[in-house]
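One structure below.
The values are calculated or read from the model by the stated rules, or taken from the named source; none is laboratory data. This one's a predicted model, so the numbers in the text were calculated from it and none came from an experiment. Virtual Cβ from ideal backbone geometry, glycine too; neighbours counted across all protein chains shown.
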């Protein structure tokens, strides 16, 4: 069996291997560009119903949002965002962790702060955890 | 019976093309019996014959064999002038054009496998364009591109390897006249 496989392998020329690899790369690129609808490209932070920050997910940063109870800290990283800390009593929005899909929302109701991710081709209108 | 005024004398080349085309048609019909998960994803075994003809007898004969195969294959399967026929035809024409270029690549580096994969990509490319422009006027057809691309690589590789193997065996046996053996070998 092993010798048989080697037999087939001998039929490949160096350029053929390159063409196979290039073909697989085309597949990978096609998957990435056509099947990645859920990737977010921005985050919207609201406080008391008003948009206080609209950022892209390109670089890391911390956003401090004041609310009735205190300051909610939003952490942005490339491709994801989360509520890092919140003065609310139950910490639901903090415990949601990182949001990675377009349409995902974390709401800190007591402090009236919300974080939502936007994307060009979101698979969902909104996501709840 | 009055003798015909038109005398058609098939040249050896004509007979060779007919034999190769017959082998390709057999493969087309046999392949139609294989159930496939997605419409459009086919191994394209008949292209093995095209590759062999291309390597042994040149591009012109490969064009003849390929187009005859598309025509006669569609007649046998009842697909003639149906959408599937135009998809095969556009795919075959695009593959042949690419093969015409690929066959000029340095032989030392690029063998039948390269030609097969490049032709397979040309095939799906042309089919998707025709499907987008005419059959499914919606960008949704491109959603299947990754599937088709993967099929092109896999089946292109397999067909190319089989063609390379056949060429080696045919080359070892005799330098010419292995035409009838082609069909038999492929079917094994």
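How many residues are at pLDDT 90 or above and either more than 7 Å from chain A (Cβ to nearest Cβ) or closer than 17 Å to residue A:29 by Cα (or both) if we restrict to region B:107-116?
Number of matching residues: 3.
Could you check how many residues of region A:14-57 are out of contact with any helix residue (DSSP H, G or I) (no Cβ under 7 Å at 6 or more places or on another chain), within 14 Å of residue B:114 (Cα to Cα) and at pLDDT 90 or above?
4
Counting only residues that are in contact (Cβ under 8 Å) with a residue 12 or more places away in the chain and more than 20 Å from residue B:155 (Cβ to Cβ), which one in region B:117-141 is nearest to the other protein chains (Cβ to nearest Cβ)?
B:135
When you look at residue B:27, is it within 22 Å of residue B:128 (Cβ to Cβ) and in a helix (DSSP H, G or I), yes or no?
Taking the combined requirement at face value, the residue does not satisfy it.
In region A:22-129, which strands (runs of 3 or more DSSP E) lie fully inside it and hold 3 or more residues that are without any contact (Cβ under 8 Å) to a residue 40 or more places away in the chain?
In region A:22-129, A:50-56, A:61-66, A:71-77, A:80-85, A:105-108 are the strands (runs of 3 or more DSSP E) which contain 3 or more residues that are without any contact (Cβ under 8 Å) to a residue 40 or more places away in the chain.
Farther than 28 Å from residue A:17 by Cβ and either free of Cβ contacts under 8 Å to residues at least 60 places away in the same chain or under 13 Å from the mean Cα position of the chain (by Cα) (or both), is that true of residue B:108?
Judged against the criteria, residue B:108 is not a match.
Quick check: anything in region B:32-40 within 18 Å of the chain's Cα centre (by Cα), crowded, with 18+ Cβ neighbours inside 10 Å and free of Cβ contacts under 8 Å to residues at least 60 places away in the same chain?
Scanning region B:32-40 turns up no residue that is within 18 Å of the chain's Cα centre (by Cα), crowded, with 18+ Cβ neighbours inside 10 Å and free of Cβ contacts under 8 Å to residues at least 60 places away in the same chain.
Output the residues belonging to region B:142-167 that are surrounded by fewer than 20 Cβ atoms within 10 Å (Cβ to Cβ), more than 19 Å from residue A:29 (Cβ to Cβ) and at the interface with another protein chain (Cβ under 7 Å from one of its Cβ atoms).
Correct list: B:165 only.
Failed condition for residue A:68, given (1) modelled with pLDDT of 90 or more; (2) more than 14 Å from chain B (Cβ to nearest Cβ); (3) surrounded by 15 or more Cβ atoms within 10 Å (Cβ to Cβ), with all others met?
Of the numbered conditions (1) modelled with pLDDT of 90 or more; (2) more than 14 Å from chain B (Cβ to nearest Cβ); (3) surrounded by 15 or more Cβ atoms within 10 Å (Cβ to Cβ), the odd one out for residue A:68 is (3).
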